[in-house]
């Protein structure tokens, strides 16, 4: 039954169990039932990057089959997301903690705007999401616009920059390690208005910047900016869908290979994400969550 006084569960996903201060991870909110017309205002009030509204939870059709979970995910600015990682992880974790989902079953998660993932629970406290990436598209001639936003030199590739997606399209930019270090120091001075205009023009909801390990050539560090979250949250703490999309298309990552990518804000490390590249365009991203 929908209602306007629905309880909200808060938590953080992509936390590090070995971090005594719980400084890593990204906050989420999960709402079990709420009138549709109240959702945008509630998402703004939670102040979390992703508020997940549980639309329906259906029991498995077979003893070992998956649950079916329909959710709507809203940002503080009211934008509906096709797919997310820490919000999905938070929702699954909250449902397990509430006793609504029995551990050992997968969950098929879908959103009204076309996003989907399959969630599994391989061990306590951890949720693993399976995404299938979309075909990439290419953007040309945006190097100068990006440099005006980030205030650091960025690559101007003749063959353009990819827009990658596992349900949430991101303009993906590879930078050299020294430029990445400079970028981290400039995150407080981003030109938010230009970022908003560029995201609207390119029909993306974020810009994913990453650099590789100089020895292995594997992706190692990442920064994600999302104007749709609002000025106070523009530098996202943990973006599993961005890293998943990038890894799924990365020729340096072999099928079946597991790797860790550290994400940063201006203050330093904000998340450590574990990803595994599957066959074709499949990719798995997992993380632990806590309820606060």
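Readers should treat all values here as calculations from the given coordinates under stated rules, not as data from a laboratory. All values derive from a computational prediction rather than experimental measurement. Because the Cβ atoms are built from the backbone with ideal geometry, glycine has one as well, and the counts that use them run over all protein chains shown.
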### Query
FRET efficiency for residue 186 and residue 262, Cβ-Cβ distance as r, R0 = 25 Å, nearest 0.05?
0.85
### Task
Among 130, 105, 208, determine the one that fluctuates most according to a GNM of the chain built with springs between C-alpha atoms less than 10 Å apart.
105
### Query
If you build a Gaussian network model of the chain, linking Cα atoms that sit under 10 Å apart, which residue out of 197, 134, 83 swings the most?
197
### Task
Find the centroid of the Cα atoms in the stretch 100-131 and in the stretch 223-292, then give the distance between the two in whole Å.
17
### Mean separation of Cα contacts under 8 Å (6+ apart) over length of the stretch 8-132, as relative contact order %
20
### Task
Round to the nearest 0.05 the FRET efficiency obtained for residue 217 and residue 116 when R0 = 45 Å and r is the Cβ-Cβ distance.
0.90
### Query
Which shape class applies to the stretch 4-145: rounded if a/c is under 1.5, otherwise prolate when a/b exceeds b/c and oblate if not, where a ≥ b ≥ c are the square roots of the Cα gyration tensor eigenvalues?
rounded
### Query
With each pseudo-label sitting 7 Å past Cα toward Cβ, what's the residue 196-residue 68 distance in nm, one decimal?
3.9
## Note on the structure
As a percent rounded to 5, the proportion of antiparallel DSSP bridges among beta bridges in the chain is 80
#### Entry: Shape of the stretch 82-143, Cα gyration tensor, a/c cut at 1.5
prolate
### Query
By how many degrees, between 0 and 90 and to the nearest 10, does the Cα long axis of helix 86-97 differ from the longest principal axis of the chain?
20
### Task
Just need the relative contact order of the chain here, percent rounded to a whole number, with Cα pairs under 8 Å and 6+ apart.
19
#### Entry: Antiparallel bridges, percent of DSSP beta bridges restricted to the stretch 8-132 (to nearest 5)
75
### Task
Mind telling me which of 26, 243, 213 comes out most flexible in a GNM of the chain, alpha-carbon contacts under 10 Å?
213
